[in-house]
Amino acid sequence: MSDEVLVPVSTDADVVAAREKGRELSAQLGFSSIDLTLIVTAISELARNILLYADRGEIVLRLDNDDGRQGIVVVARDEGPGIPDLELAMRDSYSTGNGLGLGLPGARRLMDEFAIQSEVSKGTTVVMKKWAPERV
């Protein structure tokens, strides 16, 4: 299962497209409607961060299979200004913009796995995974 869906992000319409593609791909794995909403919300948060802080970037979506466990992998990448203090950025209610500061920490809580790398003046990459419930 290595088919990737790449969604360039530079407009609000691209955020919607990333959400839709994420929902479509996740639905293939039989996620509940609640889990689909969580996944789509996390994708939306990351795509909006790309628009707010980097102007443009991309969301890459793919299905993953790890020892029979199936899930969706979401990679958000940009070549924006980067995040100077990742620890601070991952705190609830911290925001450098006008938002509520729920984007990154909120996305981390919604997904099963979350990793972030950022370098000032080089950009940011976030990798998130949500594992589908095992089918009995």
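The values are calculated or read from the model by the stated rules, or taken from the named source; none is laboratory data. Fair warning: this is a prediction, and the values are worked out from it, not measured in the lab. Because the Cβ atoms are built from the backbone with ideal geometry, glycine has one as well, and the counts that use them run over all protein chains shown.
Is it the case that some residue within the stretch 59-71 is within 15 Å of V15 (Cα to Cα) and buried (at least 19 other Cβ atoms within 10 Å of the Cβ)?
At the first step, the residues of the stretch 59-71 found to be within 15 Å of V15 (Cα to Cα) are 59-61.
Pick out the ones that are also buried (at least 19 other Cβ atoms within 10 Å of the Cβ) and you get 59, 61.
Within the stretch 59-71, one or more residues are within 15 Å of V15 (Cα to Cα) and buried (at least 19 other Cβ atoms within 10 Å of the Cβ).
Mind checking whether some residue in the stretch 77-94 is under 13 Å from the mean Cα position of the chain (by Cα), among the hydrophobic types (A, V, I, L, M, F, W, C) and buried (at least 19 other Cβ atoms within 10 Å of the Cβ)?
There is no residue in the stretch 77-94 that is under 13 Å from the mean Cα position of the chain (by Cα), among the hydrophobic types (A, V, I, L, M, F, W, C) and buried (at least 19 other Cβ atoms within 10 Å of the Cβ).
Tally up the residues in the stretch 36-58 that are out of contact with any Gly (no Cβ under 9 Å at 6 or more places or on another chain) and under 15 Å from P105 (Cα atoms), please.
Residues that pass the stated criteria total 1.
Can you list residue pairs whose Cβ atoms sit under 6 Å apart, with the first residue in the stretch 112-136 being closer than 28 Å to Q28 by Cα and of a type in the set (D, E) and the second being surrounded by 16 or more Cβ atoms within 10 Å (Cβ to Cβ) and at pLDDT 95 or above? Count only pairs 6 or more apart in sequence or on different chains.
These pairs meet every condition: D112/K129; D112/K130; D112/W131; E113/K129.
Out of V16, V7, which single residue is in contact with a Lys or Arg (Cβ under 8 Å, 6 or more places away or on another chain) and either among the hydrophobic types (A, V, I, L, M, F, W, C) or assigned to a strand (DSSP E or B) (or both)?
Answer to the selection: V7.
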